[in-house]
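One structure is given here, and the rest of the page talks about it.
The values are calculated or read from the model by the stated rules, or taken from the named source; none is laboratory data. Please read these numbers as outputs of a predicted model, since none were measured by experiment. Cβ: placed from backbone, ideal geometry, glycine included. Neighbour counts: every protein chain shown.
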Amino acid sequence: MKAPVRVAVTGAAGQIGYSLLFRIASGDMLGPDQPVILQLLEVSPAMDALQGVVMELDDCAFPLVAGIQASDQAEEAFRDADYILLVGAKPRGPGMERKDLLEANAAIFSAQGKAMNAVASRDVRVLAVGNPANTNALIAMRNAPDLDPGRFTAMTRLDHNRALAQLSGRVGAHVNDITRMTVWGNHSATQYPDISHTLVKGSPAADQVDQAWLEETFIPTVQQRGAAIIKARGQSSAASAASAAIDHMRDWTLGTPEGDWVSMAIPSDGSYGIAEGLIYSFPVRCVNGHYEIVQGLDVDDFSRERMLATEQELTEERDAVAHLLP
Ligand code: NAI
C-alpha cells in the first residue's frame, strides 16, 4: 500500500461535498491502492453539519481513509495538501449582480490562494469547482505566487460529460464509444461544446448528426443543462458535479486513455490564440500526472466565433476583479 496523500476539500458540508467525499474515500479518485487523509474546510456556522458528515465517513469504515480533519481555518485544512478541491463558494443571492458575485467569491478565493501558497505541498494540484469556477481558479492562482501556476485548474468536466451524454443519446451509441469530445472556454452558458473532432466508434461524429441539431439542440442543451437541473430538482446539480470532479482529478493524476482526451480549464499558454493566463477549457491529454493541450486541431469559422465569445466573457470576468489580482 502506498503512503497516504492529503486531500483538502472546501465547502465539505455542502451538497457536492456530500457526494464527493465518499467517492474520494472509497478510492474512486486516486485508485484502490492510494490511502487518503481528508482535510475538510467549512465556514464556522457549518461546522456542526460538517461533524455529521465526518461521523458518516467514520461509519463507512473505508479501508483507504488514513485520517479525517475538519477545520474552519484554510491554513489548517490546506497544510501539506497534495490535492485541493475548492468546492465552497458564495451562491448568488437575491438581487445580487454578476459583479457582486464575482467580488464576493474573489474575496474567498484570494484568501484561500494565499493560504495554500503558505502551507500546501509544493506539488499540489488544485481544482476550482465553486462558481464562477474559471475566474475563482485564476484568483487563487494569482494569490499563490510560490506555487506552479499550471497546478491551478477549473472544472469543465461536467460540461464535457454532459456533452458525451447528449451525443450518445442522439447517435444511439454508448458513451464508451465516443472519444475526443471538447469543451472550450468558460464553465458558463458561453462554453462551446465542440464535436468537430469527436469520434463515434472511430468515425467522425459530425457525419452522424446534422448541423441544425448541433446548433439548435446540442450546444444550447449542454450550455443550459445546469439551469435545467435546477428547474427539475429545485437544487443545482450535485452528484454529477461531484462525479465530474472525481473524473477530472483521476485523469489528471492517473492519465487519460490512449487515443482520447478530456476537457480541463487550465491557464492558457496562448494555444489556439486564446489570451495567455486566462483559465480556459481546452482539450488535454494527461500522462504521468501532467496535462498537455492537444495541439493542431483545425478550427473552422463556426468554432472560432464561439471560442472567442467565451474567451471574451472570461476576459470581462478577469477585468471585473482586476483590482483583487496581485
Ligand atoms: P452548497 O451551497 O450546498 O455548498 C457550498 C458549501 O460551501 C456550503 O456548505 C458553505 O458553507 C461552504 N462555503 C462557503 N464559503 C466557504 C468558504 N469560504 N470556505 C469553506 N467553505 C465555504 O453548494 P453546492 O451545491 O455544493 O455547490 C458548490 C459550488 O459548486 C457552487 O458555487 C456551485 O455553483 C458550484 N458548481 C460548479 C459546477 C461546475 O461544473 N464547475 C457544477 C455544479 C455546481
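So which residues in segment 53-89 are surrounded by 13 or more Cβ atoms within 10 Å (Cβ to Cβ) and without any contact (Cβ under 8 Å) to a residue 24 or more places away in the chain, if there are any at all? Selection gives Val54 alone.
What are the pairs with Cβ atoms under 7 angstrom where one residue, in segment 37-52, is closer than 15 Å to Ala25 by Cβ and the other, located anywhere, is in a helix (DSSP H, G or I) and within 12 Å of the ligand (Cβ to nearest atom)? Sequence gap at least six, or different chains. Sorted first by the residue in segment 37-52, then by its partner, the pairs are Leu38/Leu21; Gln39/Ala77; Leu40/Leu50; Leu40/Ala77.
Of all positions in segment 3-12, none carries a residue that is without any contact (Cβ under 8 Å) to a residue 60 or more places away in the chain and buried (at least 17 other Cβ atoms within 10 Å of the Cβ). Here are some conditions: (1) under 21 Å from Arg98 (Cβ atoms); (2) surrounded by 17 or more Cβ atoms within 10 Å (Cβ to Cβ). Ala275 meets all but one. Which one does it not meet? The single condition Ala275 does not satisfy is (2). In segment 167-191, the residues that are assigned by the TED database to the domain that holds Ser237 and modelled with pLDDT of 95 or more reach residues that are surrounded by fewer than 20 Cβ atoms within 10 Å (Cβ to Cβ) and part of a strand (DSSP E or B) with C-beta atoms within less than 6 angstrom, at least six apart or across chains, in these pairs: Thr179/Leu199; Arg180/Leu199.
For (1) within 13 Å of the ligand (Cβ to nearest atom); (2) assigned by the TED database to the domain that holds Phe282; (3) farther than 30 Å from Gly27 by Cα, each residue gets a yes or a no:
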{"position": "Asp194", "(1), (2), (3)": "no, yes, yes"}
{"position": "Phe218", "(1), (2), (3)": "no, yes, yes"}
{"position": "Gln223", "(1), (2), (3)": "yes, yes, yes"}
{"position": "Ala227", "(1), (2), (3)": "yes, yes, yes"}
{"position": "Ser236", "(1), (2), (3)": "yes, yes, no"}
{"position": "Trp252", "(1), (2), (3)": "no, yes, no"}
{"position": "Gly255", "(1), (2), (3)": "no, yes, no"}
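If you go through segment 121-151 and keep only what is buried (at least 24 other Cβ atoms within 10 Å of the Cβ), away from the ligand (no atom under 13 Å from the Cβ) and assigned to a loop (DSSP other than H, G, I, E, B), you end up with just Ala144. Just one of (1) surrounded by fewer than 16 Cβ atoms within 10 Å (Cβ to Cβ); (2) under 16 Å from Met264 (Cα atoms) fails for Leu314. It is (1). In segment 249-272, the qualifying residues are those that are touching a Ser or Thr at 6+ places or on another chain (Cβ under 9 Å) and over 18 Å from Met141 (Cα atoms), and the one that is surrounded by the fewest Cβ atoms within 10 Å (Cβ to Cβ) is Gly259.
Filtered by the rule that a residue be in contact with a Ser or Thr (Cβ under 8 Å, 6 or more places away or on another chain), within 25 Å of Asn136 (Cβ to Cβ) and hydrophobic (A, V, I, L, M, F, W, C), segment 176-226 gives Met181, Val183, Trp184.
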